[in-house]
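J.: Handing you a structure now.
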Amino acid sequence: QKEVEQNSGPLSVPEGAIASLNCTYSDRGSQSFFWYRQYSGKSPELIMFIYSNGDKEDGRFTAQLNKASQYVSLLIRDSQPSDSATYLCAVNLWAGNQFYFGTGTSLTVIP
Amino acid sequence: ETGVTQTPRHLVMGMTNKKSLKCEQHLGHNAMYWYKQSAKKPLELMFVYNFKEQTENNSVPSRFSPECPNSSHLFLHLHTLQPEDSALYLCASSQDFPLDYEQYFGPGTRLTVT
């Protein structure tokens, strides 16, 4: 069983729409959750992190965490072509300091 | 630029060669990491160093040998690799450990084992 699962996509949305990216994790001991963005040929960069159940907003990005259902999502409002990238979900298990990435979801925003 | 540099950017080596990857961070961070990124697979955390001390070794084969002489430099020594070791090797750093802190990634070394 994979620790972190993401739909690989590709996910295509028109410019200006809301892009919704989902991630599920298997270990209930997971404590902190991260969304990284990786442009083609580049290294990952952090977009957001979330620790508590509920929503966390930062500009056009909203992370949503539901620990009971073991999923975390990322919403991108007013999607722009520059948002086209692979989005990596990552989970930190405090026990044993394990850190797991998903395989990523490829997002294309169509002008 | 993230403040994390890696050299070389590309490396082709035979299975009998010995080579080293270098990583340097200019951010004053205390923790450094090696990751492996293969196509269609998730980023795999290989090694963790906190204040120059190795804290995690995630079942990585002994043909990969890390070295951290100080908090700013990290090396990955490679010997007798296999073709399946071909991948992008990413170095990252963060202010501190554990892994709750934002990680800053270097540009990576694209390794091809022939």
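J.: For region A:86-107, does any single residue satisfy the condition of being more than 12 Å from chain B (Cβ to nearest Cβ) and either modelled with pLDDT under 95 or open to solvent by 20 Å² or more (accessible area, probe 1.4 Å) (or both)?
T.: No - not one qualifying residue is present in region A:86-107.
J.: Residues that are within 14 Å of chain B (Cβ to nearest Cβ), out of contact with any strand residue (DSSP E or B) (no Cβ under 6 Å at 6 or more places or on another chain) and either touching a residue at least 12 places away in the same chain (Cβ under 8 Å) or more than 19 Å from A:Gln31 (Cα to Cα) (or both): does region A:41-48 have at least one?
T.: yes
J.: Another one. Between B:Gln25, B:Gln6, which is surrounded by 15 or more Cβ atoms within 10 Å (Cβ to Cβ), of a type in the set (S, T, N, Q) and within 12 Å of another protein chain (Cβ to nearest Cβ)?
T.: B:Gln6
J.: Taking only region B:42-71 into account, find how many residues are modelled with pLDDT of 90 or more, under 14 Å from A:Tyr100 (Cβ atoms) and more than 10 Å from the chain's Cα centre (by Cα).
T.: 3
J.: Further question on the same structure: Mind listing whichever residues of region B:70-114 are at positive phi and away from chain A (no Cβ under 14 Å)?
T.: B:Thr80, the sole residue that qualifies.
J.: Considering only region B:64-90, how many residues are part of a loop (DSSP other than H, G, I, E, B) and exposed (fewer than 14 other Cβ atoms within 10 Å of the Cβ)?
T.: So the count comes out to 1.
J.: Can you find a residue that is surrounded by fewer than 16 Cβ atoms within 10 Å (Cβ to Cβ) and either within 14 Å of another protein chain (Cβ to nearest Cβ) or under 30 Å from B:Gln6 (Cβ atoms) (or both) anywhere in region A:60-75?
T.: For region A:60-75, residues surrounded by fewer than 16 Cβ atoms within 10 Å (Cβ to Cβ) and either within 14 Å of another protein chain (Cβ to nearest Cβ) or under 30 Å from B:Gln6 (Cβ atoms) (or both): absent.
J.: In addition: Quick one: B:Ser20 ticks every box in (1) hydroxyl-bearing (Ser, Thr, Tyr); (2) more than 9 Å from every other protein chain (Cβ to nearest Cβ); (3) within 30 Å of A:Ser32 (Cβ to Cβ) except a single one, so which number is it?
T.: All conditions pass for B:Ser20, except number (3).
J.: Answer yes or no as to whether A:Pro111 is exposed (fewer than 13 other Cβ atoms within 10 Å of the Cβ) and either within 27 Å of B:Ala87 (Cα to Cα) or within 13 Å of chain B (Cβ to nearest Cβ) (or both).
T.: No: the conditions fail for A:Pro111.
J.: Evaluate the following for A:Gly54: is it over 14 Å from A:Thr105 (Cβ atoms), within 12 Å of another protein chain (Cβ to nearest Cβ) and out of contact with any Cys (no Cβ under 7 Å at 6 or more places or on another chain)?
T.: No: the conditions fail for A:Gly54.
The values are calculated or read from the model by the stated rules, or taken from the named source; none is laboratory data. Quick caveat: nothing in here was measured; it's all calculated off a predicted structure. Neighbour counts run over all protein chains shown; Cβ positions are idealised from the backbone, glycine included. When the accessible area is computed, the model is the full protein with side chains, heavy atoms only, and any ligands, DNA or RNA have been set aside. Shrake-Rupley method; radii C 1.70, N 1.55, O 1.52, S 1.80 Å.
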